[in-house]
1. Answer yes or no as to whether residue 400 is in contact (Cβ under 8 Å) with a residue 40 or more places away in the chain, assigned to a helix (DSSP H, G or I) and touching a Ser or Thr at 6+ places or on another chain (Cβ under 7 Å).
2. Please name all residue pairs, on different chains or six or more residues apart, with Cβ atoms under 7 Å, provided the first residue is in the stretch 422-441 and is among the β-branched types (Val, Ile, Thr) and the second residue is outside any helix (DSSP H, G or I).
3. Among what's in the stretch 289-345 and is farther than 30 Å from residue 277 by Cα and basic (Lys, Arg), pick the residue that is surrounded by the fewest Cβ atoms within 10 Å (Cβ to Cβ).
4. Those residues that are in contact with a Lys or Arg (Cβ under 7 Å, 6 or more places away or on another chain), of a type in the set (Asp, Glu) and over 20 Å from residue 429 (Cβ atoms), I need them from the stretch 321-374; list them, please.
5. Tell me whether the stretch 107-123 contains one or more residues that are of a type outside the set (D, E, K, R), farther than 26 Å from residue 42 by Cα and crowded, with 18+ Cβ neighbours inside 10 Å.
6. Are there any pairs, at least 6 apart or on different chains, whose C-beta atoms fall under 9 Å, with the first in the stretch 159-175 and assigned to a helix (DSSP H, G or I) and the second acidic (Asp, Glu), and if so, which?
7. Report the residue count in the stretch 151-204 for those that are at pLDDT below 95 and either out of contact with any Gly (no Cβ under 8 Å at 6 or more places or on another chain) or crowded, with 23+ Cβ neighbours inside 10 Å (or both).
Amino acid sequence: MTIVYKRQIPVRHDVDVMVAGGGPAGIGAALAAARQGASVFLIDSQSCFGGMATAALVPSYFTLYSDGINLQAGGIASEIYQRLDARNGFGPGVDYRNPKDRWLPLRTEVLKCVFDEIVSEQKTLKFTFQTRLIDVETDGRRLTHAICAAKSGVFTVRARQFIDCTGDGDLAAWAGAAFEKGNGDGLLQPGTLCTAWTDIDWFKVQSSGLSAEAEIQRAITDGVFSVADPHLPGIHQTGRHTGTGNIGHTFGVDNTDEVSLTKALIHGRRITQEYQRFYREYLKGYEHMELVTTGALLGVRETRRVLGDYVLNLDDYQKRAVFVDEIGRYSYPIDVHPAQPTAENLAQFEYEYEQMRYQPGESYGIPLRSLIVRDLDNVLVAGRCVSCDRYIQGSIRVGTGCYITGQAAGVAAALAAQTRHELRAIDARQVQSRLVELGAYLPNV
């Protein structure tokens with residue numbers, strides 16, 4: 001059964017660029033567009049910016065130096081890391097400027113404040129939290145309005161250019177863009193409901209010599225877990241006695257389906273108790289650990305990959321591809337978590353993650369064409385939903401990759417809006433020049 005529902009909706013914002021989603025990609029896009037002089041409206045459905053790193057409690061950021069040598073995530077990401085470091089926002093002993101420190105544990109509440117501060121400084125950038133994208137209006141190949149819902153009611157945003165930083169590609173997909181999702185069998189990477197813990201004796205943990213990855217096999221044999229999942233990313237130290245856990249998987253979840261997501265959240269909260277038992281009973285230093293909270297969002301690794309003018313792919317990764325229109329270079333390895341909890345799938349994951357890893361200094365290029373939605377004329381994508389195959393999504397989805405693509409999308413959108421040119425008429429060299437001015441790493445330009 002269906003109904004027809006009609007109403008008049010006010011146009012509350014009329015801007016050059018509208019950005020949907022305030023994770024790293026959305027922050028990068030909104031700030032970059034505003035710093036080009038564009039008027040920008042940014043929405044986020046949560047109560048804070050940061051997405052996976054804040055609301056989902058994903059415990060760490062990847063290094064800015066993803067190739068181990070060069071500042072690949074230069075520009076807005078670098079500025080955020082600098083501000084975060086000045087406020088003691090990383091875990092103990094972390095030097096974000098050291099290329100060898102690949103994973104940087106986060107103090108989430110500090111990061112939230114850094115985002116609030118840096119976004120609020122931009123006078124042409126307006127934003128609201130607790131604001132959901134619920135629909136779109138199109139005219140042929142152009143997206144004309146984004147329809148949003150907030151506490152004050154439903155309203156629309158009219159913009160000349162739109163950037164989809166939702167992670168799931170909602171805005172582009174709802175506007176009619178083609179996309180791919182999952183592997184050949186329709187399976188997606190599992191999610192993780194991340195967790196915050198206290199009363200951990202980190203000195204005892206580090207001096208015990210015990211490996212959580214090794215001990216979990218014994219716990220699986222002992223029947224500790226309701227799902228025999230041998231893959232354990234682990235708990236990152238964030239304070240003297242605190243840590244944030246990327247532990248446990250929610251297999252079969254599809255973040256574009258609220259029924260699937262609901263089941264995954266319930267499952268994630270339930271297995272948290274199993275992991276608490278495991279850490280307390282099988283490892284040293286965790287005997288008195290207590291759960292503080294679980295993430296407000298599920299940690300999601302994979303959903304839609306919106307098809308753009310170019311689909312970045314595994315062959316590009318293996319060739320260390322260079323593009324004439326590249327807007328950044330990146331080096332995070334292929335990181336596609338097993339879709340099912342089997343030893344065979346884990347072995348495949350470990351092979352891809354370790355054997356396909358780059359040597360220091362190597363990287364692949366990210367073309368501007370992978371950010372331009374193939375079926376639309378004024379929509380870009382950034383972050384997890386950019387145009388790529390499943391292997392590349394497993395690499396580019398990590399936070400620093402999202403900053404790189406978001407920053408580039410923001411510059412391109414601002415140029416298109418201000419010149420009244422179509423996205424595909426924008427000179428990639430002009431985008432690259434402005435990215436370099438922001439601090440982007442573009443050695444081939």
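1. yes
2. What qualifies is 431/327; 436/442; 436/445.
3. Initial filter on the stretch 289-345 (farther than 30 Å from residue 277 by Cα): 303-334.
From the residues that got through so far, the ones that are basic (Lys, Arg) too are 304-305, 319-320, 329.
Numbers: 304: 27, 305: 24, 319: 11, 320: 15, 329: 25.
The residue in question is 319.
4. Passing the criteria: only 362.
5. no
6. Correct list of pairs: 170/164; 171/164; 172/164; 172/375; 173/164; 174/135.
7. Looking only at the stretch 151-204, we keep the residues that are at pLDDT below 95, and these are 182-187.
Of the ones still in play, those that are also either out of contact with any Gly (no Cβ under 8 Å at 6 or more places or on another chain) or crowded, with 23+ Cβ neighbours inside 10 Å (or both) are 182-186.
Residues that pass the stated criteria total 5.
The values are calculated or read from the model by the stated rules, or taken from the named source; none is laboratory data. Quantities reported herein were computed from a predicted structural model and do not represent experimental measurements. Glycine also receives a Cβ, built like all others from the backbone with ideal geometry; neighbour counts cover every protein chain displayed.
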